[in-house]
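No value in this document is a laboratory result; all are computed from the given coordinates. Treat the numbers as computed from the prediction; the structure is a model and nothing was measured. We place every Cβ from the backbone using ideal geometry, glycine too, and count neighbours over all the protein chains shown.
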There are 2 protein chains.
Amino acid sequence: MAGAKLDDIDRKILAELQADGRMTNVELARRVGISAPPCLRRVRVLEELGYIRGYHARIDARELGFEVQVFAMVRLIAQSERDLAAFEAQVQVWPLVRECHMLNGEIDFILKCVAPDLSTFQRFLTSSLTAAPNVASVKTSLVIRASKTEPAVPFEVVEERVREAG
Amino acid sequence: MAGAKLDDIDRKILAELQADGRMTNVELARRVGISAPPCLRRVRVLEELGYIRGYHARIDARELGFEVQVFAMVRLIAQSERDLAAFEAQVQVWPLVRECHMLNGEIDFILKCVAPDLSTFQRFLTSSLTAAPNVASVKTSLVIRASKTEPAVPFEVVEERVREAG
DNA sequence: GCGGCCGCGCAAGATCATTGCGCGGGCCGA
DNA sequence: TCGGCCCGCGCAATGATCTTGCGCGGCCGC
């Protein structure tokens, strides 16, 4: 299923909507070179096939008072699928955890967290995260600044560049 | 500036648009309890003040053929502001790097990367990332699965929950 | 009490979304 | 080669939405 039945217009639609998710359909149609009705139909198909997972406004966490961003590298004691799922379930209910990815290797999970200030985060760290069952160790790093954020370059362009260079 | 002059309606607007960035303005207005024109004016203000940084379609990388996702922890040899900026500039031109965050502590940067397959990533790792000037070491971890992704809970709700619990 | 200011809601014209429909090109079998 | 089928485009029309100007009412300071 992966990338099989997409033509150039589809890829361009994805790239444009990745760059500006609130673009009107007529503007989108103009940019990809077809008229509005088939363009809208293509977007609907891309949504239904799962290429487009949703549309979201990017909110500036710092403007909202979340001055602190932290990456937390978590190691568990036991890593059976049951243990992993239990930790994932726990992560869902922690509002300060914005993202969680399960990794291979030494680190089992990496968590992207936010907090209004350092003391709030440290309270979460000591009383929630490290105190959670099955957590062996947590290493944290404060984010100084974001150097690059998605959507950096549309995936369409990534494909091209990878083909060219490597 | 942080979070000062936002009322409840503003926060609700942010939460709704974070959840669905393509919601029509009339639907948004209905949900936050005001009529469409002032709602649109508020959205414009939130955009101009930087609370809303943009709208983006979330594209499924795996569906597009990017089967591999990797976190790379990078340590540099020298960490002067000039050295840091030089590495950040280099990161911008690598299409496989989707995100880059500068951290404090041992690790200087964490990179979120994608690749069509493992060999493509390893080629990038050896011939680009570790070969870049000033890079001391790179530790990589494959992403097994995403357990939680933004926008998890709208920031509005995070604020409430932090105030309640901790 | 009173004037000024701010933000809301109403109304109208422009723009956009969405559907049905006809047309043309590509493909396959006769 | 030639029909017939199928798919996707573009046109057209209707309804919804966007966008602006404007008047009203509440709130604050004088």
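Here are some notes:
- Take each residue in A:88-94, count the other chain C-beta atoms within 10 Å of its C-beta, and the mean is 3.
- Global geometry of the range B:1-96, whether rounded, prolate or oblate, following the gyration tensor of its Cα atoms and the 1.5 cut on a/c: oblate
- Whole-angstrom gap from the range B:84-108 to the range A:79-129, using each part's C-alpha centre: 23
- Restricting the range B:88-137 to GluC sites (Glu not before Pro) in coil, as DSSP defines it, with at most 11 other Cβ within 10 Å: B:106
- Across the identical copies, the 7 Å label point of residue B:38, projected outward along Cα→Cβ, sits 4.5 nm from its counterparts, in ascending order.
- Peptide B:62-73 shows a mean partner chain C-beta count of 5 within 10 Å per residue C-beta.
- Distances in nm from residue A:82 to the matching label points in the other copies, shortest first (labels 7 Å along Cα to Cβ): 5.9
- Mean shadow area of the protein assembly as shown, taken as a quarter of the surface of its Cα convex hull (nm²): 18.1
- Cross-link table A:148/B:112; A:12/A:148; A:112/B:112; A:139/B:139; A:12/B:112, entries beyond 18 Å C-alpha to C-alpha: A:12/A:148; A:12/B:112
- Three-way shape call for the range A:36-154 based on the alpha-carbon gyration tensor, with the a/c threshold at 1.5: oblate
- Taking other residues whose beta carbon is less than 15 angstrom from the beta carbon of residue A:142, and scoring Lys, Arg as +1 and Asp, Glu as -1, yields +1.
- Listed residues A:56, A:85, A:43: farthest to the positive end of the dipole of the range A:35-99 (Cβ charges): A:43
- Each of A:128, A:33, A:158 was scored by the projection of its Cα onto the charge dipole of chain A, and the greatest displacement toward the positive side belongs to A:33; charges sit on the C-beta of Lys, Arg, Asp and Glu.
- A label point on residue B:104, set 7 Å along the Cα-to-Cβ line, lies at 3.4 nm from each of its counterparts in the other copies, closest listed first.
- Innermost chain B residue relative to the axis carrying B onto A, by Cβ distance in angstrom: B:21, 2
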